[in-house]
1. Do the conditions hold for residue 65, that is, is it over 21 Å from residue 151 (Cα atoms) and within 14 Å of the ligand (Cβ to nearest atom)?
2. What's the total number of residues in region 2-20 that are among the hydrophobic types (A, V, I, L, M, F, W, C), in a helix (DSSP H, G or I) and open to solvent by 60 Å² or more (accessible area, probe 1.4 Å)?
3. Among the listed residues 72, 39, which satisfies the condition of being within 16 Å of the ligand (Cβ to nearest atom) and either in contact with a helix residue (DSSP H, G or I) (Cβ under 6 Å, 6 or more places away or on another chain) or open to solvent by 100 Å² or more (accessible area, probe 1.4 Å) (or both)?
4. Only one residue in 84, 115 is under 30 Å from residue 47 (Cα atoms), among the hydroxyl-bearing types (Ser, Thr, Tyr), in the same structural domain as residue 174 (by TED's automatic domain parsing) and open to solvent by 40 Å² or more (accessible area, probe 1.4 Å). Which one?
5. Do any residues in region 48-77 that are in contact (Cβ under 8 Å) with a residue 24 or more places away in the chain and within 21 Å of residue 125 (Cβ to Cβ) have Cβ atoms under 7 Å from those of residues that are within 8 Å of the ligand (Cβ to nearest atom) and open to solvent by 80 Å² or more (accessible area, probe 1.4 Å), where the two are at least six apart or on different chains, and which pairs are they?
6. Is there a residue in region 28-36 that is open to solvent by less than 70 Å² (accessible area, probe 1.4 Å) and at pLDDT below 95?
7. When only residues in region 128-138 that are open to solvent by less than 40 Å² (accessible area, probe 1.4 Å) and not hydrophobic (A, V, I, L, M, F, W, C) count, which is modelled with the lowest pLDDT?
8. Can you tell me which residues in region 42-62 are of a type outside the set (Val, Ile, Thr), open to solvent by 50 Å² or more (accessible area, probe 1.4 Å) and more than 8 Å from the ligand (Cβ to nearest atom)?
Amino acid sequence: MFPDAFEKVAAALQRLPGVGAKTAQRYVFSLMQMGDEVKDVAESIAALAKLHRCPHCGFLTDEELCSFCKDKDRDPTRIMVVAYDQDVAAIEKTNGYKGLYHVLNGVISSAKGIYPEELNMDTLFDRLDGVHEVIIATPFTMDGEMTALYLDRLLKDKEVEVTRLAHGLPMGASLDYADEFTLLQALDHRRSLEEEK
Ligand SMILES: [Zn+2]
């Protein structure tokens, strides 16, 4: 019904979560109202294709290493393991953590058939030289807890202290949704996983 260019963008937008045919059409009309600026939007979207994952930690970057791995002011003796890039943003907002990160890019899930091999896990074990503490900050969901236990088991025979964010966060909560104060509390009260055994 609409011209090809319109239908193409509408179809692309419908691939986004929660965007149906009607919403997609509305978005295309809004984009068209931008006039020439829509070209800038298109360019910014195209630039996303150049992003890749940092070979050290798995966080997104458009350079060789990500902004954290490059930063000499970060404490290289601490690594916080998170499930998603958004979790890094949530922790950074608290201003309470100055160590490095490791982004798994998911969690182990038997229900969804996601196994450790599919996550960015192996590279974590290549990074442990000189590291004193690994803070496991996977979500407080069944899958997140399972991932934490799995990592803890693998880290057990390494010369490193393994801690987990405290349960100030509600069960089922993703880091992304917690407010900064709650996250900071969870970080301050992180506990050694040894204590639980
Ligand atoms: Zn990195």
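1. Working: over 21 Å from residue 151 (Cα atoms): yes; within 14 Å of the ligand (Cβ to nearest atom): yes.
Criteria met by residue 65.
2. First pass over region 2-20, keeping only residues among the hydrophobic types (A, V, I, L, M, F, W, C): 2, 5-6, 9-13, 16, 19.
Still in the list and also in a helix (DSSP H, G or I): 5-6, 9-13.
Subsequent filtering for residues that are open to solvent by 60 Å² or more (accessible area, probe 1.4 Å) retains 5.
Residues meeting the conditions: 1.
3. Working: 39 fails: within 16 Å of the ligand (Cβ to nearest atom).
So the residue among 72, 39 that is within 16 Å of the ligand (Cβ to nearest atom) and either in contact with a helix residue (DSSP H, G or I) (Cβ under 6 Å, 6 or more places away or on another chain) or open to solvent by 100 Å² or more (accessible area, probe 1.4 Å) (or both) is 72.
4. Values: 115 fails: under 30 Å from residue 47 (Cα atoms).
Answer to the check: 84.
5. 69/56
6. The initial filter retains those residues of region 28-36 that are open to solvent by less than 70 Å² (accessible area, probe 1.4 Å), namely 28, 30-31, 35.
The next check asks that each one be at pLDDT below 95; those that pass are 35.
Yes: region 28-36 contains one or more residues that are open to solvent by less than 70 Å² (accessible area, probe 1.4 Å) and at pLDDT below 95.
7. Applying the first criterion (open to solvent by less than 40 Å² (accessible area, probe 1.4 Å)) to region 128-138 yields 128, 131, 133-138.
Pick out the ones that are also not hydrophobic (A, V, I, L, M, F, W, C) and you get 133, 138.
Working: 133: 96, 138: 93.
Checking each candidate, the answer is 138.
8. The initial filter retains those residues of region 42-62 that are of a type outside the set (Val, Ile, Thr), namely 42-44, 46-60, 62.
Going one step further and asking which of them are open to solvent by 50 Å² or more (accessible area, probe 1.4 Å), we end up with 42-44, 46, 48-53, 55-56, 60, 62.
Those that are of a type outside the set (Val, Ile, Thr), open to solvent by 50 Å² or more (accessible area, probe 1.4 Å) and more than 8 Å from the ligand (Cβ to nearest atom): 42, 43, 44, 46, 48, 49, 50, 51, 52, 53, 60, 62.
The values are calculated or read from the model by the stated rules, or taken from the named source; none is laboratory data. These numbers were taken from a predicted model, which means no experiment stands behind them. Please note: Cβ atoms are built from the backbone with ideal geometry, for glycine as well, and neighbour counts cover all protein chains shown. Protein only, heavy atoms only, side chains kept; ligands, DNA and RNA dropped before computing areas. Shrake-Rupley method; radii C 1.70, N 1.55, O 1.52, S 1.80 Å.
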